[in-house]
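Below: the structure, in structure tokens.
Every number here is computed from the coordinates shown, using simple stated rules; none is lab data. On a predicted model such as this, the values are computed, not experimentally measured, just so you know. Note: ideal-geometry Cβ built from the backbone for every residue, glycine included; neighbour counts use all protein chains shown.
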Amino acid sequence: MSSYLIVGFIALVLVAWLLNSWLRLRRAEFIRTYKWPAGLLQKLAEHHPDLARKDTALVSRGLRQFFIAYLMSGKRFVSMPSRVADDLWHEFILYTREYKRFCRGAFGSFLHHTPAVVLSVNRQGNEGLRRVWWYCCKYENIDPRQPTRLPLLFALDAKLNIPNGFRYHPQCEALRAGAVTAGTGAVVYCGGDFSSTSVDGSTAGFGDSSDGGDGGGDGGGCGGGGGD
């Protein structure tokens, strides 16, 4: 292969990479600014009557964060870590035409629902959770290996006191020392376990994307992730 062919091939690869990166960023912006169908947040409030309008708006930000994590992972398998964000996702899917239109603009293909789960013996579910954890942390400029706080999506259920919700704490040492409790016997999961093989002998899904991106940082903690 001549040097001209090599240079041409490298140029084509670079152009393809730039186009792919541009398209991903464009789709991420579409997710951030997408206007929810009329009445969607009210549907969530009907399932959770204790939630105020600002609370349902926060849940919608968490769901946006989940969608961006899926996009930035290269559309790999993902799992939903929040019960309340999962409830909103369910309601959104029922707006069939709007959801299909959203998926086309956000991903270029349909995103099928996956149930809300926590780290368990289910390796596939764990892989999807680790992937979402990685990109949600990157999105909020959190170290996914040694988090000092939780990304919004993983904090929602505890913050809003969702019945049977999934509760996380960023630091394993405090959690296992008994310094952290959720009350009423609720189980609290450790964010640091996403980078550990101690759960299922694997870290599949944790930072495994070679073609994804950070999706930008909002530094927002429980307030980040775009509009409501």
Treat each spin label as a single point 7 Å out from the Cα along the C-beta direction, and report the S21 to R104 distance in nm.
-> 2.9
Rounded if a/c is under 1.5, else prolate if a/b is larger than b/c, else oblate: which is the range 9-223, with a ≥ b ≥ c the root eigenvalues of its Cα gyration tensor?
-> oblate
Would you mind computing, in nm to one decimal, how far apart the modelled labels at H90 and K35 are, each placed 7 Å from Cα along Cα→Cβ?
-> 2.8
Over the range 9-223, what is the mean sequence separation of C-alpha contacts under 8 Å (at least six apart), divided by residue count, expressed as relative contact order in percent?
-> 23
Okay, which of the range 127-156 sit inside 11 Å, backbone N to the point 7 Å along the Cα-Cβ direction of A186?
-> 155-156
How large is ³J(HN,Hα) for each residue in the range 96-102, as worked out from phi by the Karplus curve 6.51 cos²θ - 1.76 cosθ + 1.60 (θ = phi - 60°), to whole Hz, x for Gly and Pro?
-> 3, 5, 5, 5, 4, 5, 4
Near K54, which lysines are there with a Cα under 20 Å away, not counting those fewer than 8 places off in the same chain?
-> K35, K43, K159
Could you put V84, V78, V199, V13 in order, starting from the residue whose Cβ has the fewest other Cβ atoms within 10 Å?
-> V13, V199, V78, V84
For H169, other-chain or 5+-apart residues with amide H closer than 5 Å (H placed, Pro excluded) are Y189, C190, G191
